[in-house]
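J.: Below is a structure I'd like to ask you about.
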Amino acid sequence: DSGVTQTPKHLITATGQRVTLRCSPRSGDLSVYWYQQSLDQGLQFLIQYYNGEERAKGNILERFSAQQFPDLHSELNLSSLELGDSALYFCASSVGNGVADTEAFFGQGTRLTVV
Amino acid sequence: DQQVKQNSPSLSVQEGRISILNCDYTNSMFDYFLWYKKYPAEGPTFLISISSIKDKNEDGRFTVFLNKSAKHLSLHIVPSQPGDSAVYFCASGGTSYGKLTFGQGTILTVHP
């Protein structure tokens, strides 16, 4: 158990809909990262928050948005869903802001299926 | 633009032998490198890391080698065990920011 909690574990929804994925970081971790893993792809970095502020942005679509709340949990909002958005979405957390501060710990992921 | 590449989608080795997983990167700004292991239905788990000031880091059966001039790193597992069977991702980043760039992963199968 990494200490990072993601809900829900599975999500099936229709095209055009909007969903929210939730992540609770490990206790004490200030950084939250979101990654997407599509079929046959590695993990693609989407976005990072550190202590409530956006720190880095990757290949995140405009239809997607995220935020980190004062209690440090984070939500990833996906809207106008398309079939191609079906993927595993991972959240990770780390204590610091930089890669070398400590390694990131990953949650078990949310499997999103868009039908 | 694939900045981190794992060119071998899969690797099969016999229990007790050495497993060598390879990774190449293109971004000269990367100065920190990590290996993650992933079992089905689980998130990636950190395995071992190395910073660019070193060329080798060892942790038990796992050793990571970094060749900066070739922009290449490798993970050696000795001896390999059936429980090591998983997907291995290499990841690279810069010490000044937290974003990691992952390779596509290599499926390691260790046969008893």
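J.: Quick one: Cα convex hull volume of the protein assembly as shown, Å³ per residue?
T.: Looking at the protein assembly as shown, the number lands at 118 Å³ per residue.
J.: Right, another one. Please give every one of the lysines within straight-line cross-link reach of B:K56, meaning a C-alpha to C-alpha distance under 29 Å, and leave out same-chain neighbours fewer than 8 residues apart.
T.: Once the sequence-local lysines are set aside, what remains near B:K56 is B:K5, B:K37, B:K38, B:K68, B:K71, B:K99.
J.: OK, next. Taking the Cα-to-Cβ direction at A:T5 and at B:S51 and moving 7 Å from each Cα, how far apart do the two end points lie in nm?
T.: Placing both labels 7 Å beyond Cα along the Cβ direction yields 3.4 nm.
J.: For peptide B:2-14, what's the mean number of Cβ atoms from other chains within 10 Å of each residue's Cβ?
T.: Mean number of neighbouring Cβ atoms from other chains: 0.
J.: With all distinct Cα pairs included, what does the Kirkwood hydrodynamic radius of region A:1-69 come out to in Å, to one decimal, could you say?
T.: By the Kirkwood definition, the hydrodynamic radius is 13.5 Å.
J.: Can you give the average number of partner chain beta-carbon atoms within 10 Å of each beta-carbon in peptide A:7-18, as a whole number?
T.: Taking all residues of A:7-18 together, the mean is 0.
J.: Give the peptides B:71-78, A:53-60, A:30-37, A:9-16 in descending order of average Cβ contacts within 10 Å, highest first.
T.: Taking the mean over residues of other Cβ atoms within 10 Å, the ranking is A:30-37, B:71-78, A:53-60, A:9-16.
J.: Pop out the ³J(HN,Hα) list for region A:24-31 in order, Karplus 6.51 cos²θ - 1.76 cosθ + 1.60 with θ = phi - 60°, rounded to Hz; leave Gly and Pro as x.
T.: Listing the rounded values in order: 10, x, 4, 4, x, 7, 9, 9 Hz.
J.: Here is a further query. Give the share of C-alpha pairs in each 10 angstrom bin for chain B, from 0 to the last occupied bin, in whole percents, shortest bins first.
T.: Bins of 10 Å from zero give 15, 50, 30, 5, 0 percent of pairs.
J.: What does the average come to when, for each residue of peptide B:28-34, you count the partner chain Cβ atoms lying within 10 Å of its Cβ?
T.: 2
J.: I would also like to ask the following. Hey, rough spin-label estimate for A:Q41 and B:A70, points 7 angstrom out along Cα→Cβ, what's it come to in nanometres?
T.: The answer from the label model is 3.0 nm.
Each reported figure results from applying straightforward, stated rules to the coordinates on display, with no laboratory input. Bear in mind the structure is a predicted one, so any value in this text is a computation, not a measurement. In this analysis, Cβ positions are derived from the backbone assuming ideal geometry, glycine residues included, and neighbour counts consider all displayed protein chains.
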